[in-house]
Amino acid sequence: MWNLTFLEPRTPCVALVFSLAALTATMAIADEANWPALQDHHLNTQPRTAAEQARIKSATATPKEYGAPQPFEALPAGAATVRLRADADAFSQPSANLSFEQELDFKVGNGLFKKIWVSSPSSTLASDGLGPLYNARSCQRCHIKDGRGHTPNGPEDSAESMFLRISIPGAPTDGPSEIADYIATLPDPTYGGQLQDFALPGHPAEYRLDVTYADLTVQLSGGEVVTLRQPTYRAADLGYGPLHPDAMLSPRVAPQMIGLGLLEAIPVQDLLAKADPDDKDGDGISGRPNIVWSTEFDTPMMGRFGHKAGMPTVMEQSAGAFAGDIGISSPLFSAAYGDCTTAQANCTSAPHGDGDARGFEIDQTGLDRVTFYSRNLGVPARRDVDNPEVLRGKEVFHTSGCAACHTPAHVTHRMPDRVEHSFQLIWPYTDLLLHDMGEGLADNRPEARATGREWRTPPLWGIGLTAQVSDHTQFLHDGRAQSLLEAVLWHGGEAQAARDAVVSLAKPDRDALIQFLESL
């Protein structure tokens, strides 16, 4: 049966592996002709047979009718899908197909994810190294209950799960020559790569995030009116003097954490097959991969994680967050002072937690455990998949054009050493590609190959549980949307036609679309 074939990994076989290292070192990867050189360096994979490829194509094809759910649609993460909980811990469960020993690793990783880091020197040697500048004292403080962060609730609230990225334009020689169309940027000379609003005693914080909103009304068919929040961001109370005159700021809210290991396991060539940078098919959608330089593997890779797909693997994303958000060094990002710059001399010379038995403030073993935890936060089972209104909303989702970017289904690689992610039929509703989302959502700050108008298509699985897990319904990269409908209405650029289709829908169809999204 289909489910058994997909959910059980086969016996490992000998696979012929072609090394492309020399090729990628001598050519620029960006044009479609060079995409075959991109590899999943982070995965130990086995090739698919022709028969498997045919079955995958059938399983992930656009449905021809919408009167009933598709096979296995209720299990968005395949065998890794977890049971639905009715409390705020719905995103905090280990993948359902972990072994007993793996669950122990997951729990150790969870402990490190929740760990409250302290300043150096400290008697708690395994937990010192915080800052000196930081956005949060633990991973959990940003990804509360492993869910979405939120915008500050008024001027007296902190922005612990939200911050501003910062950079200045670079010269072409500041980017990797191996990646064509790379838009080089540099950290702000004083403030680094992101602004930290907390600091240890004796060090001023870098800034205070100030957010104000203006109302923007949108008229829908049938007379319905929706009021959107148009945000303005300001780096207030700067602690180290003015920003660089060319500084570019981008607001970021912490995303939810579920299903990351499965997203990491989608074959890169499957993702690239969806890309159409020149819109050759004329459908108005021209998704592009963000190709980034991997610190972990010292080579170009496709970015998958972050709002602009700026990180290629879960481990690199985790290590980057330790460095930038908490000020914790690791084997990948070794600066003990985190994101401090040479202009912040007291910060770079402050006591730190390196140099003991760990080597770094979080060593490779600890980073491995946090990465394992992050890869294996389970995706909850779908709700109401056979509800007639949900099925009607699913049809509207497809006919309005939403699925052109939010690709419903993928099948992961076969991987003998990651059985929990191997050969799973998954339903994340993303293509992990960059799309021009219009001027309304533009941050005007590039990241690798992503322009200031482009964003990665975010996964939609679990989106209907946001209120339950995070106690709010804020969406998009900066939390400006206060409902799923508002999030849709902010779409522009490549998504303008789909957005306009939703605006023109009869209210019952629009309500059905939202009900479908809430079932994911």
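For the reader, a short list of remarks on this structure follows.
- Number of the exception - L262 against (1) surrounded by fewer than 19 Cβ atoms within 10 Å (Cβ to Cβ); (2) touching a strand residue (DSSP E or B) at 6+ places or on another chain (Cβ under 6 Å): (1)
- Within the range 436-454, the only residue that satisfies the criterion of being under 20 Å from A275 (Cβ atoms) and polar (S, T, N, Q) is T451.
- Of all residues in the range 338-360, those satisfying the criterion of being modelled with pLDDT of 95 or more and in contact with a helix residue (DSSP H, G or I) (Cβ under 8 Å, 6 or more places away or on another chain) are G338, D339, C340, T341, T342.
- Given (1) open to solvent by 10 Å² or more (accessible area, probe 1.4 Å); (2) at pLDDT 95 or above, number of the condition E316 does not satisfy: (1)
- Criterion violated by S318 - all others in (1) more than 13 Å from the chain's Cα centre (by Cα); (2) closer than 21 Å to M162 by Cβ satisfied: (1)
- Only listed residue being among the aliphatic types (A, V, I, L, M) and without any contact (Cβ under 8 Å) to a residue 12 or more places away in the chain, chosen from L164, L125, L98, L104: L104
- Of everything listed in (1) open to solvent by 10 Å² or more (accessible area, probe 1.4 Å); (2) closer than 27 Å to I56 by Cβ, the single unmet condition for S422 is (1).
- Residues in the range 159-182 that are open to solvent by less than 50 Å² (accessible area, probe 1.4 Å) and either of a type in the set (D, E) or over 15 Å from D478 (Cα atoms) (or both): 10 in all.
- Some residue of the range 461-475 being open to solvent by 20 Å² or more (accessible area, probe 1.4 Å) and either farther than 23 Å from R383 by Cα or basic (K, R) (or both): no
- Of all the listed residues (A343, A350), the sole one being part of a loop (DSSP other than H, G, I, E, B), at negative phi and open to solvent by less than 20 Å² (accessible area, probe 1.4 Å) is A350.
- Being surrounded by fewer than 19 Cβ atoms within 10 Å (Cβ to Cβ) and without any contact (Cβ under 8 Å) to a residue 60 or more places away in the chain is a property that G359 has.
- D339 vs. criteria acidic (D, E) and out of contact with any strand residue (DSSP E or B) (no Cβ under 9 Å at 6 or more places or on another chain): no
- Of the helices (runs of 4 or more DSSP H) lying entirely inside the range 481-520, the ones with 3 or more residues being in contact with a strand residue (DSSP E or B) (Cβ under 6 Å, 6 or more places away or on another chain) are found at 484-489.
- Residue within the range 291-300 that is surrounded by 24 or more Cβ atoms within 10 Å (Cβ to Cβ) and either within 30 Å of P204 (Cα to Cα) or not aliphatic (A, V, I, L, M) (or both) present: yes
- A88 in contact (Cβ under 8 Å) with a residue 24 or more places away in the chain, open to solvent by 50 Å² or more (accessible area, probe 1.4 Å) and touching a helix residue (DSSP H, G or I) at 6+ places or on another chain (Cβ under 7 Å): no
- If you go through the range 372-404 and pick out every residue that is closer than 29 Å to N97 by Cβ, assigned to a helix (DSSP H, G or I) and open to solvent by 40 Å² or more (accessible area, probe 1.4 Å), you end up with 1.
- Test: residue in the range 140-153 that is closer than 29 Å to R453 by Cβ and outside any loop (DSSP other than H, G, I, E, B): yes
- Condition broken by A77, with the remaining ones in (1) among the small types (G, A, S); (2) at pLDDT 95 or above; (3) open to solvent by 60 Å² or more (accessible area, probe 1.4 Å) satisfied: (3)
- One residue stands out among those in the range 183-207 that are acidic (D, E) and touching a Phe, Trp or Tyr at 6+ places or on another chain (Cβ under 7 Å): the one that is surrounded by the fewest Cβ atoms within 10 Å (Cβ to Cβ), which is D197.
- Per-region count, the range 92-126, residues among the hydrophobic types (A, V, I, L, M, F, W, C), surrounded by fewer than 17 Cβ atoms within 10 Å (Cβ to Cβ) and assigned to a loop (DSSP other than H, G, I, E, B): 1
- Matching residues, the range 30-67, being open to solvent by less than 60 Å² (accessible area, probe 1.4 Å), part of a loop (DSSP other than H, G, I, E, B) and of a type outside the set (S, T, N, Q): A30, L38, D40, H42, L43, R48, A61, P63, Y66
Table: residues versus (1) modelled with pLDDT of 95 or more; (2) closer than 17 Å to G259 by Cα; (3) in contact with a strand residue (DSSP E or B) (Cβ under 8 Å, 6 or more places away or on another chain).
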site: E73; (1), (2), (3): yes, yes, no
site: S92; (1), (2), (3): yes, yes, yes
site: S95; (1), (2), (3): yes, yes, yes
site: S127; (1), (2), (3): no, no, yes
site: L133; (1), (2), (3): yes, no, yes
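The values are calculated or read from the model by the stated rules, or taken from the named source; none is laboratory data. Since we're looking at a predicted model, the values are computed, not measured. Using ideal geometry, Cβ is built from the backbone for each residue, glycine included, and neighbour counts are taken over all protein chains shown. With ligands, DNA and RNA removed, areas are computed over all heavy atoms of the protein, side chains included. Shrake-Rupley method; radii C 1.70, N 1.55, O 1.52, S 1.80 Å.
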